[in-house]
1. Residues 9, 35: which one is at pLDDT 95 or above, of a type in the set (Asp, Glu) and exposed (fewer than 14 other Cβ atoms within 10 Å of the Cβ)?
2. Going by the conditions given, is residue 237 hydrophobic (A, V, I, L, M, F, W, C), in contact (Cβ under 8 Å) with a residue 12 or more places away in the chain and surrounded by 19 or more Cβ atoms within 10 Å (Cβ to Cβ)?
3. Only one residue in 180, 165 is within 21 Å of residue 35 (Cβ to Cβ), modelled with pLDDT of 95 or more, over 12 Å from the mean Cα position of the chain (by Cα) and surrounded by fewer than 19 Cβ atoms within 10 Å (Cβ to Cβ). Which one?
4. Can you name the number of the only condition in (1) surrounded by fewer than 13 Cβ atoms within 10 Å (Cβ to Cβ); (2) closer than 19 Å to residue 29 by Cβ that residue 66 fails?
5. What tally of residues in region 149-168 results from selecting those that are charged (D, E, K, R) and either free of Cβ contacts under 8 Å to residues at least 60 places away in the same chain or part of a helix (DSSP H, G or I) (or both)?
6. Scan region 264-281 residue by residue and report those that are in contact with a helix residue (DSSP H, G or I) (Cβ under 9 Å, 6 or more places away or on another chain), at pLDDT 95 or above and either of a type in the set (Ser, Thr, Tyr) or over 21 Å from residue 172 (Cβ atoms) (or both).
7. Out of region 249-263, which residues are surrounded by fewer than 22 Cβ atoms within 10 Å (Cβ to Cβ) and either basic (Lys, Arg) or touching a helix residue (DSSP H, G or I) at 6+ places or on another chain (Cβ under 7 Å) (or both)?
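The values are calculated or read from the model by the stated rules, or taken from the named source; none is laboratory data. Note that the coordinates shown come from a computational prediction; the quantities given were computed from them, not determined experimentally. Cβ placement follows ideal geometry from the backbone for every residue including glycine, while neighbour counts extend to all protein chains displayed.
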Amino acid sequence: MEQAVSKEEIRQLVLEARREGKRVALVPTMGALHEGHLSLVRAAQARADLVVVSIFVNPTQFGPSEDFEAYPRDLARDLALLSAEGVDAAFTPGTEAMYAPDAQVTVDPGPLGDVWEGASRPGHFRGVCTIVAKLFALVAPDLAFFGEKDYQQLVIVKRMVADLDFPVKVVGCPIVREYDGLAMSSRNAYLSAEERAAATVLYRALREAETLVCGGETSVEYVEQAMRDTVEAEPLASLDYAALIDPHTLVRAAGAGGARAIIAARVGATRLIDNMAMPSA
């Protein structure tokens with residue numbers, strides 16, 4: 001596996017692959033890799049000749065009171081995992097390589113970035129769109145793979161690609177879960193044993209919504225209340241939002257069938273998100 005640290009190195013690596021007629025895929029990550037990330041790698045390997053995995057903890061998507069400094073980092077472990085998976089190249093730039101000291105231009109995600117996670121984390125999706133646009137410019141991938149766990153992010157990146165005419169196909173991949181349903185996340189490492197057990201409440205709330213919709217419930221309000229009740233029954237959890245949304249526009253769904261259930265909550269000091277597609281009516 002090759003490792004590129006600078007913009008020049010990754011551009012040259014991709015240029016050489018292009019000269020050989022290779023199809024290029026990008027898997028953007030912030031490191032602290034787990035099975036969810038590796039599932040994206042495998043999906044990319046099935047559809048491309050050269051797979052580039054970026055590892056960059058992007059400071060512009062963290063708010064002033066968020067966990068940028070504490071975010072888990074273990075580059076040696078990450079590189080070993082990627083090498084074992086047969087990844088072709090890892091792009092591991094530092095902050096100074098990705099952002100000039102006087103950088104001013106950012107990418108506005110538009111109204112999609114103002115709701116749900118965007119409302120709870122102002123500026124988050126501006127940071128996401130800016131770094132993803134920069135990675136697309138540097139790697140120029142044919143395909144880019146994102147997990148559905150960050151569902152709003154996936155929708156926004158797809159919209160950015162469509163609106164700004166990036167020549168890349170964005171591929172969403174299914175959520176990978178632990179044995180008890182907890183969505184895999186790098187932030188799970190923050191949880192104590194007691195909090196880890198309590199964190200399954202997000203998945204349990206989503207399953208409650210799914211059960212209701214499967215049983216014929218059509219009321220968005222009823223299903224959302226059931227999700228809230230499930231979380232509020234867990235003493236260690238503090239709910240941010242639980243909602244049924246249109247899977248394309250992210251606005252509150254008109255009906256429960258075919259909606260996307262989304263949820264965010266703090267378990268202890270750790271903020272977790274999850275989501276699930278609801279069955280069609």
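1. After applying the criteria, what remains is 35.
2. Considered against the rule, which asks whether it is hydrophobic (A, V, I, L, M, F, W, C), in contact (Cβ under 8 Å) with a residue 12 or more places away in the chain and surrounded by 19 or more Cβ atoms within 10 Å (Cβ to Cβ), residue 237 comes out as yes.
3. 180 is the lone residue from the list that is within 21 Å of residue 35 (Cβ to Cβ), modelled with pLDDT of 95 or more, over 12 Å from the mean Cα position of the chain (by Cα) and surrounded by fewer than 19 Cβ atoms within 10 Å (Cβ to Cβ).
4. Condition (1) is where residue 66 drops out.
5. Adding up the residues that qualify gives 4.
6. 265, 267, 268, 269, 270, 271
7. 252, 253, 255, 257, 260
Conditions (1) surrounded by fewer than 18 Cβ atoms within 10 Å (Cβ to Cβ); (2) charged (D, E, K, R); (3) out of contact with any helix residue (DSSP H, G or I) (no Cβ under 7 Å at 6 or more places or on another chain), marked per residue:
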site	(1), (2), (3)
15	yes, no, yes
28	no, no, no
47	yes, yes, yes
56	no, no, no
74	yes, yes, yes
